[in-house]
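I have placed the structure first, in the form of structure tokens, so that the comments after it can refer back to it.
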Amino acid sequence: MNDLDRYDYAILGALQVDGTLSVAELAEKVGLSTTPCWKRLKRLEEDGYFERRVAIINRRKAGLPVTVFVSVRTSQHDEKWLAKFAAAVEALPEVQEFHRMSGDVDYLLKVVTTDIEGYDRFYKKLIKAAQLTGVSSAFSMEQIKYTTSLPLDLVSHGAGG
């Protein structure tokens, strides 16, 4: 477990919603004065609670409306093969997420692209990357929920403070 209290969770929660808040705005939102809020923010940063701060781009407006979930199976399960495959997937900018899975699928990729032809170009790069047993693609028809916010209330209940 961690040693965060309700103020720390409030800071994390507020910044998940709006990462552009000034320290003064953040302090007001979480009910602290500026200096203690700044000290907590610095500690959270130093302790690695923030992976990075980014702007979330509207993928449709940016010309990337198609999302594809790609299931990959392989008969190769050694570290050397995985290192090569992981490096190849890391180099593919269309891949937003890359997971090693349990069950029937070995790897799952979340891919964004321009259209069917864009996905076909991606697919050809993917199958050149490493020896694969099977690749299955599922096109998202509609994004019903999307969030980058973690459900901090699941762990913040009972936090001291």
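Before moving on, here are some points about what is shown:
- Taking other C-beta atoms within 10 angstrom as a stand-in for reagent exposure, S33, S156 fall in the order S33, S156, fewest first.
- Residue order, fewest to most beta carbons within 10 Å, for S137, S102, S75: S102, S75, S137
- Options [x] 24, 20, 15; [y] 24, 16, 14; [z] 39, 19, 14 - which one matches semi-axes √(5λ) of the Cα gyration tensor in Å as calculated here: [z]
- Exceeding the 29 Å Cα-Cα cut-off - candidates K84/K110; K42/K80; K29/K145; K61/K125; K80/K110: K42/K80
- Mean residue ellipticity at 222 nm, helices only, the chain: -11500 deg cm²/dmol; runs of at least 4 DSSP H residues each add -39,500 (n - 2.57), and the sum is divided by the number of residues.
- Among Q143, Q16, Q76, the residue with the largest mean-square fluctuation in a Gaussian network model of the chain, with springs joining Cα atoms closer than 10 Å, is Q143.
- At the listed q of 0.16, 0.18, 0.22, 0.23 Å⁻¹, the Debye profile of the stretch 66-139, built from one uniform point per Cα, gives log10 I(q)/I(0) equal to -0.50, -0.64, -0.98, -1.07.
- Highest average first, the peptides 53-62, 90-99 ordered by how many other beta carbon atoms sit within 10 Å of their residues are 90-99, 53-62.
None of the figures in this text is laboratory data; all of them are computed from the coordinates on show. Not measured: the values here are computed from a predicted model. Ideal geometry is used to build each Cβ from the backbone, glycine not excepted, and the neighbour counts take in all protein chains shown.
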